[in-house]
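The values are calculated or read from the model by the stated rules, or taken from the named source; none is laboratory data. Bear in mind that the values here come from a model prediction, so they are computed numbers and not experimental data. Don't worry about glycine lacking a Cβ; one is built from the backbone with ideal geometry, like all the others, and counts go over all protein chains shown.
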């Protein structure tokens with residue numbers, strides 16, 4: 001337990017530090033009342049993330065609680081899935097920067113299955129989710145195959161495949177062959193609307209957009225964690241990530257583990273697209289600009305590449321980002337939540353760099369007094 | 001191994017981040033102060049603008065002008081509202097609207113503006129404005145059509161204005177809601193005028209068009225523009241080059257496309273591409289600095305101030321007027337749910353003042369004005385869909 005806490009601590013501290021820095025940034029860029037404004041803005045963000053409790057206690061209907069919570073949960077679900085996608089690839093030693101492209105493909109597949117196939121709800125939702133997962137997995141599979149058979153570095157291929165996906169889906173399929181039909185003259189963007197049977201059910205009815213996607217995402221986090229920690233294939237996957245030569249020597253099918261992990265990563269990112277389309281949008285929108293796939297990288301790193309850490313980080317940043325919109329009421333720019341997330345990531349990175357510097361300095365030194373703990377106040381130049 | 005991967009991840013991510021910042025330039029950074037409460041009781045009017053954001057010098061800024069400057073008499077400056085100077089409203093009016101100057105009185109409304117980060121923010125943003133007590137909530141842009149439908153159905157007691165689209169049901173059929181007013185514009189008519197001017201101005205005989213996302217709405221700009229060019233310079237209509245960038249918020253894409261068109265010899269480029277169009281204007285500006293005689297035609301708002309030498313004119317789309325009228329009707333208690341369609345005749349679209357000089361300017365402007373009057377009189381029917389373009393006969397002078 002102590003070990004686990006120590007692992008989580010840098011992330012928690014980084015997030016807190018970034019919150020403080022951003023608070024100061026708001027406060028110091030105001031002419032007057034900076035600190036009051038910054039605090040008010042943070043409170044707005046909080047109420048936008050966990051529900052507007054003061055208004056509720058003041059007698060407003062329960063919707064002022066459920067709506068913000070629903071928004072936060074929706075964003076958290078998306079961030080969890082893309083974060084898991086990146087984390088799973090990390091575990092096998094690959095860097096999946098292509099979650100965005102996989103998500104686009106997944107979203108498109110979900111939209112197509114949702115609108116072009118007619119099934120009862122009990123089958124339709126799983127079919128659409130499965131379609132999205134397969135599409136995402138296939139897209140990631142391209143990068144995996146290039147890596148395994150041609151030695152193309154997955155960072156390069158996944159970045160490039162992101163753009164291919166964007167142009168393919170946003171600039172061709174969605175405005176071309178798969179475009180929804182409207183009356184002449186009406187501008188409709190995106191694909192046809194999905195059938196009601198494919199929409200993820202709303203868990204709280206009309207008063208919130210909270211839908212089945214959220215529990216599914218949380219379930220996915222737990223499942224990935226169990227798989228990595230408690231199964232043989234999961235163990236082998238981690239072994240490949242820690243050192244593929246050693247894994248190969250131990251008789252682990254390295255290529256298969258890497259390929260499967262990458263496919264799983266793609267499937268997770270694809271499901272994020274499905275949750276977006278089936279949960280709230282109801283169609284593949286004209287452009288799916290939101291970079292949840294890229295955010296997944298940050299979420300994964302802040303969550304220490306641990307499935308449950310990813311879920312926690314996603315919950316936190318889901319709430320922050322859902323609430324961040326409200327900061328605009330106090331004239332704080334709409335992208336502040338991203339700033340908080342970016343700074344948190346930077347501070348997490350600072351820890352990594354710091355550790356690596358320490359390790360390198362210690363490495364050449366001969367073993368003097370075997371395993372003494374490193375002095376906390378390590379000398380810096 | 002892990003560590004190296006993570007450092008790699010970070011570098012890649014930093015690159016991605018820095019790119020993102022480039023893409024959103026002119027946002028007024030979050031500077032001072034909380035929103036000011038006007039002394040008398042003002043009606044809150046909400047406005048949700050699409051992902052193009054504030055400061056696009058175009059579509060979103062037009063709606064913002066209608067609400068903030070015209071309706072509320074305020075200017076958004078450095079993150080807060082200040083009272084606008086008395087003549088500022090009049091200055092913001094193009095020549096063909098100056099007659100309206102006296103009727104544009106500041107109304108007791110208080111603007112509440114929310115920008116959207118992504119498609120899925122539209123509904124929560126509209127809902128938040130309703131929850132904050134907005135009497136009228138404006139969805140600016142066809143991308144908000146679905147969101148306005150949902151929000152209007154969930155809040156039947158609240159009123160909405162939807163710009164640029166009708167309310168569509170799941171099958172894409174127009175739907176009437178008792179609490180939504182929609183406004184559509186005849187963009188083709190305004191584009192027809194700037195197209196006619198482009199045909200008169202071009203020296204290379206090649207003109208270009210840059211569109212954002214290829215939807216019927218943006219096609220109306222292109223079709224009207226083509227018809228205009230065909231009227232004044234038929235051979236240029238044959239070679240007219242048209243490109244769609246596929247976005248409204250990617251300046252780099254607009255710039256790239258425009259550079260391409262200029263390299264192929266286009267010397268007048270009309271854009272209907274939101275923030276991508278700012279990139280188009282930049283490309284034209286740079287080409288002019290390099291000694292080429294090239295013009296850009298702006299869209300939605302008068303974009304002359306973006307690059308005074310490079311902007312020939314702008315095709316104006318008066319969503320500012322539509323927003324103002326809706327706010328006025330709200331204050332007067334006359335707000336009715338209806339579908340409006342505004343063309344040249346209704347001052348819904350128009351051509352901005354031509355501020356650059358070129359040989360034969362007076363004559364060219366006369367010709368365009370003559371065309372305008374004939375469109376208003378109904379003598380010329382400007383096509384609005386690509387299919388009608390082939391059968392469009394250029395009117396005899």
- When region A:169-182 is examined, which residues are found to be in a helix (DSSP H, G or I) and within 11 Å of another protein chain (Cβ to nearest Cβ)? A:169, A:170, A:171, A:172
- Within the bounds of region A:193-201, is there any residue that is more than 11 Å from every other protein chain (Cβ to nearest Cβ) and in a helix (DSSP H, G or I)? yes
- Among the candidates A:301, A:278, residue that is more than 18 Å from residue A:343 (Cα to Cα), modelled with pLDDT of 90 or more, within 14 Å of chain B (Cβ to nearest Cβ) and buried (at least 24 other Cβ atoms within 10 Å of the Cβ): A:278
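Filter region A:50-60 down to residues that are part of a helix (DSSP H, G or I) and within 12 Å of chain B (Cβ to nearest Cβ) and give me whichever is farthest from residue A:207 (Cα to Cα). It would help to see each step written out before you state the result.
Let us first name the residues in region A:50-60 that are part of a helix (DSSP H, G or I), namely A:50, A:53-57.
Pick out the ones that are also within 12 Å of chain B (Cβ to nearest Cβ) and you get A:55-56.
On the way: A:55: 16, A:56: 14 Å.
Once the filter is applied, the top-ranked residue is A:55.
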- When (1) touching a strand residue (DSSP E or B) at 6+ places or on another chain (Cβ under 9 Å); (2) part of a helix (DSSP H, G or I); (3) at pLDDT below 95 are applied to residue A:284, the one that fails is (2)
- Scan A:263, A:246, A:313 and give me the residue that is more than 30 Å from residue A:167 (Cα to Cα), assigned to a helix (DSSP H, G or I), more than 9 Å from chain B (Cβ to nearest Cβ) and in contact (Cβ under 8 Å) with a residue 60 or more places away in the chain. A:313
- Of the residues in region B:280-321, how many are closer than 14 Å to residue B:350 by Cβ, assigned to a loop (DSSP other than H, G, I, E, B) and touching a helix residue (DSSP H, G or I) at 6+ places or on another chain (Cβ under 6 Å)? 1
- Query: Taking strands (runs of 3 or more DSSP E) that fall entirely within region B:64-123, which contain at least 2 residues that are in contact with a strand residue (DSSP E or B) (Cβ under 7 Å, 6 or more places away or on another chain) and closer than 18 Å to residue B:53 by Cβ?
  - Reply: B:109-115
- Message: One residue is enough: does region A:122-132 have a residue meeting the conditions buried (at least 24 other Cβ atoms within 10 Å of the Cβ) and outside any helix (DSSP H, G or I)?
- Response: no
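To keep it simple, each residue is scored yes or no on (1) over 29 Å from residue B:241 (Cα atoms); (2) touching a helix residue (DSSP H, G or I) at 6+ places or on another chain (Cβ under 8 Å); (3) without any contact (Cβ under 8 Å) to a residue 60 or more places away in the chain.
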{"site": "B:172", "(1), (2), (3)": "yes, no, yes"}
{"site": "B:186", "(1), (2), (3)": "no, yes, no"}
{"site": "B:190", "(1), (2), (3)": "no, yes, no"}
{"site": "B:214", "(1), (2), (3)": "no, no, yes"}
{"site": "B:219", "(1), (2), (3)": "no, yes, no"}
- Task: Considering every residue within region B:22-44, establish whether at least one is modelled with pLDDT of 70 or more and within 27 Å of the chain's Cα centre (by Cα).
- Result: yes
- Message: Residues to consider are A:74, A:103; find the one that is touching a strand residue (DSSP E or B) at 6+ places or on another chain (Cβ under 8 Å), under 22 Å from residue B:116 (Cβ atoms) and surrounded by 24 or more Cβ atoms within 10 Å (Cβ to Cβ).
- Response: A:74
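Do we find that residue B:144 is touching a residue at least 24 places away in the same chain (Cβ under 8 Å) and touching a helix residue (DSSP H, G or I) at 6+ places or on another chain (Cβ under 8 Å) in this structure?
Criteria met by residue B:144.
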- Could you say whether any residue in region B:175-191 is within 20 Å of residue A:285 (Cβ to Cβ), at pLDDT below 95 and over 17 Å from the mean Cα position of the chain (by Cα)? yes
- Taking residue B:163, is it within 30 Å of residue A:31 (Cβ to Cβ), in contact with a helix residue (DSSP H, G or I) (Cβ under 8 Å, 6 or more places away or on another chain) and surrounded by 24 or more Cβ atoms within 10 Å (Cβ to Cβ)? no
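Scan region B:172-180 and tell me whether some residue there is more than 27 Å from residue A:176 (Cβ to Cβ) and assigned to a strand (DSSP E or B).
yes
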- Being assigned to a helix (DSSP H, G or I) and either at the interface with chain A (Cβ under 10 Å from one of its Cβ atoms) or at pLDDT below 90 (or both) is the filter; apply it to region B:127-146 and report the residue that is surrounded by the fewest Cβ atoms within 10 Å (Cβ to Cβ). B:131
- Query: Which is more than 14 Å from residue B:185 (Cβ to Cβ), assigned to a loop (DSSP other than H, G, I, E, B) and outside the structural domain of residue B:139 (by TED's automatic domain parsing), of B:345, B:381?
  - Reply: B:381
- Return only the number of the condition from (1) in contact (Cβ under 8 Å) with a residue 60 or more places away in the chain; (2) within 17 Å of residue B:361 (Cβ to Cβ); (3) buried (at least 24 other Cβ atoms within 10 Å of the Cβ) that residue B:199 does not satisfy. (1)
- Message: I need a count of the residues in region B:210-231 that are within 12 Å of chain A (Cβ to nearest Cβ) and under 22 Å from residue A:167 (Cβ atoms).
- Response: 9
- Item | residue A:324 being within 12 Å of chain B (Cβ to nearest Cβ), under 30 Å from residue A:9 (Cβ atoms), more than 15 Å from the chain's Cα centre (by Cα) and buried (at least 24 other Cβ atoms within 10 Å of the Cβ) | yes
- Scanning for something under 30 Å from residue B:170 (Cα atoms) and either over 22 Å from the mean Cα position of the chain (by Cα) or assigned to a loop (DSSP other than H, G, I, E, B) (or both), does region A:137-151 turn up at least one residue? no
- Message: Among the listed residues A:41, A:63, A:32, identify the single one that is at pLDDT below 90, in contact with a helix residue (DSSP H, G or I) (Cβ under 9 Å, 6 or more places away or on another chain), within 12 Å of chain B (Cβ to nearest Cβ) and within 30 Å of residue A:329 (Cβ to Cβ).
- Response: A:63
